[in-house]
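These notes concern the structure reproduced below.
A short reminder: the numbers here are calculations on the coordinates, not readings from a lab. These numbers were taken from a predicted model, which means no experiment stands behind them. So basically every Cβ, Gly included, is an ideal-geometry build from the backbone, and we count neighbours across all protein chains shown.
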Amino acid sequence: MDKKKILVIDDEPDFLEMIKLRLEANNYEVLTALNGKEGLEKVQQEKPDVVLLDILMPELDGLSVLRRIRSYNKNLPVFIITAFSNEERFKLANKLHASGFIVKTSDLKQEVDNINSILNIAPQYKVKK
Amino acid sequence: MKKQKTKDLDGQQKLPGLLVRDWQKVFDAMDIGITASDKNGHFEIFNSKMQAITGYTLEQANACGDFSRLIYPDPLERQEALERLNEIMQKPGYHEIETQIQAKDGTKKILSVSTSLINYKGRVMFLSIYQDVTQRRKDEQTLKQVKDELEIQAWGLQKANAGIKDLYKELEKKTREVEKLDQVKSDFISTVSHELRTPLAITKEGISLVLDKVAGETNEKQEKILSTARSNIDRLARIIDELLDVSKIEAGKVELKRRLVDIAGLIRQLTFSFEPSLKEKNLELKVNIPEKQIDAFVDPDKLTQVFTNLIGNALKFTDKGYIEISLQEKEKEIACIVADTGLGIAKEDLPKVFNKFEQFGRLPGGGEKGTGLGLAITKGIIELHGGKIWAESKLGAGAKFSFILPKYTTEEIFKEYLNNGMREAMEEKARMALIVISILEFNKLKQEFSDEKMGAILRSMQGIIKDTLRRKGDVVLKESGEMVVILAGCDKEAASSVENRLKEALDKYLTNEKLSGEIKLRFGSAVYPDEAKNDQELIEKAKKA
């Protein structure tokens, strides 16, 4: 099976470095973007299979990025990177039609396992309307 | 003076039986001073009252030649007084002046004087009437002073009032500042926790990557060092989380999301997660909970936190024996106890256990280290629920943490749900629908069925209602045999479609259970704020519809 192409958009270079290693260890081809604008460009050009998107970014925040992605692609799995508590996450989930969440502060190994299972169990994963 | 008409006093002498001498008596009986004098100032009449006022007799007044010298010792005052008296004599009509005299004993008196010309025994004389108005003027003076004082006081009050208004304005300003500060503070808390957690997460992930051998092989010694580092990062993260919790509780920023929760079930579920640690320490967990549902109106997440803290603490400080959880439903409260056979707490430390950053009986090494915040948070949560928590212990003889939660009647819970729903609807400018499902002839049915059976039926129906709702909704089972569904953000159309679905599901249940002959349901709904402005109206409307 081909490596899945994953794009991580986060303004924290150190975090990108860490999650890149973690994702590569999980057999992903990892692309990174340091801001929303760069991220949107890479979504168009590189056509990733999955996007991990930080919600809190200066200038173009995660919400706006997701809205733009959704304006032309309703099916691309987008996971939101967040530091929020459960409840707020669920509120956001309803609003954003995100595929899932990665909690920055919890165990990233587990979080990446979750992404794996979501993507593997439902390869034709469709975002709920 | 010539123009002035004279009064003929002699004429009145003609009254039958009244002699001239008697006039003197009449004058003496009067309570006003009366004098009659000729143009030379010689007094013919000087009545008793006048004597009382001035202290002089007729003889004394006449003896001096000029009476005015006696009563006006100051020449300037005398001149002025005489001028004024002369002046009024010139004017036609009745005149009165006030003048201050000095009586024989030296006291100053204010007299009101009126003078007119009369014809007395064929002579033109001055008839003067004096009234001692000293007391009246004094009273008036006092009254004026009182009035002035009152006015000053009123003025003071007015000023004070204005001052209070200013203070109030200042207070409002300060309140706004405090509110702003509060916002800043709570923003600060969440920013700080976010800012602290991010680098921590990165550090932890770095260590994890090495430990997971993503960056190559590691030896045992390295792994041990990194594991210690990682567990301390976890601890730091917990401290940050708990600090955030404490700050939120202290700032009153915690809003409980109360639901009807079966606490017995919640505890049973929780105990599973502690099984591995219990096994590891070879401890027994005694669960002393009645075999039934014990519903409380609480925030399930927060109450889970309470139990996790208390059981976790017990676990931490107990090496042999057991941990016991007891739950008791009393008439007005739910009582819960978490007891252990562990180290216990010294008497002098007992009052401090719920303080922040107070840690006692910490064992050197071993086990997960605490943050010193768990019990402070626990107490905060229990108190937010209107409950009370306390600790009993003896050093070496285990610890016992007890708390009570108030019980609410279904009516109170229903009102709470309803008001929360209406408040939310108002804040979000949204609607809220109320669906009332009444069981007809509920009291008669209650007699036919056993309590147990009726209870089971009601719970099943409640379950069906909950399962049928596709949106967020609260269901309350009322003692009067009504099931009320509160639907946030629901308009009339959506409410009737939910109502139809519920009707279908419940009818199906009643048919399957062969109860449709006995139990009849009535459905009704109302939407806030379209159909009703307050809770009472809403209920009435939903019951009727």
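General observations
- The mean count of C-beta atoms from other chains within 10 Å of the C-beta of residues in A:16-27, rounded to a whole number, is 3.
- The relative contact order of chain B comes to 8 percent, based on Cα pairs under 8 Å that sit 6 or more residues apart.
- Straight-line cross-link partners of residue B:104 among the aspartates and glutamates, defined as a Cα under 18 Å from its Cα and at least 8 positions apart when in the same chain: B:59, B:66, B:74, B:77, B:132.
- Over the protein assembly as shown, the fraction of Cα-Cα pairs per 10 Å bin, rounded to whole percents and listed from the shortest bin up, is 2, 10, 13, 14, 14, 9, 4, 2, 4, 6, 8, 7, 4, 2, 0, 0.
- Residue order, fewest to most surrounding Cβ atoms within 10 angstrom, among B:308, B:115: B:308, B:115
- Peptide B:202-211 - average C-beta neighbours from other chains (10 Å radius): 5
- Cleavage-rule hits (trypsin sites (Lys or Arg not before Pro)) in the stretch B:243-278: DSSP loop, at most 10 neighbouring Cβ within 10 angstrom: none
- In terms of distances greater than 23 angstrom between alpha carbons, the cross-link table entries B:453/B:508; B:330/B:520; B:292/B:446; B:248/B:429 yield B:330/B:520; B:248/B:429.
- Each stretch of four or more DSSP H residues adds -39500 (n - 2.57); spread over every residue of chain B, this sum gives -17000 deg cm²/dmol at 222 nm.
- Debye equation applied to the C-alpha atoms of the stretch B:7-132, log10 I(q)/I(0) at 0.09, 0.10, 0.11 Å⁻¹: -0.25, -0.31, -0.37
- With 30 Å as the limit on Cα-Cα distance, the pairs of B:302/B:492; B:185/B:356; B:444/B:492; B:221/B:379 that go past it are B:302/B:492; B:444/B:492; B:221/B:379.
- For the stretch B:419-544, the Cβ-based charge dipole about the Cα centre amounts to some 200 debye (Lys, Arg positive; Asp, Glu negative; other atoms uncharged).
- Enclosing the Cα atoms of chain B in their convex hull gives a volume equal to 417 cubic angstrom per residue.
- For the stretch B:419-544: Kirkwood Rh in Å [reciprocal of mean 1/r, alpha carbons]: 14.9
- Residues B:155, B:23 arranged by fewest to most Cβ contacts within 10 Å: B:155, B:23
- Inter-chain shielding of A:102-108 (mean C-beta neighbours from other protein chains, 10 Å cut-off): 5
- What you get for the protein assembly as shown, charging only the Cβ of Lys and Arg (+1) and of Asp and Glu (-1), is a dipole of about 1180 debye around the Cα centre.
- Counted by Cβ distance under 10 Å from residue B:263, the other residues give a net charge of -2, where Lys and Arg count +1 and Asp and Glu count -1.
- Charge dipole of the protein assembly as shown about the Cα centre (unit charges at C-beta), most positive-ward option of B:75, B:274, A:98: B:75
- Cβ-based exposure ranking for A:52, B:395, in which fewest neighbours within 10 Å come first: B:395, A:52
- Under 25 Å from residue B:108, Cα to Cα: lysines that are on another chain or at least 8 residues apart: B:49, B:138, B:144, B:147
- Placing unit charges on the Cβ atoms of the charged side chains and taking the dipole of chain B about its Cα centre, the candidate lying farthest along the positive direction among B:157, B:430, B:524 is B:157.
- Exposed loop sites were defined as GluC sites (Glu not before Pro) in DSSP loop states (anything but H, G, I, E or B) carrying at most 16 other C-beta atoms within 10 Å; in chain B the longest segment without such a site runs B:97-216.
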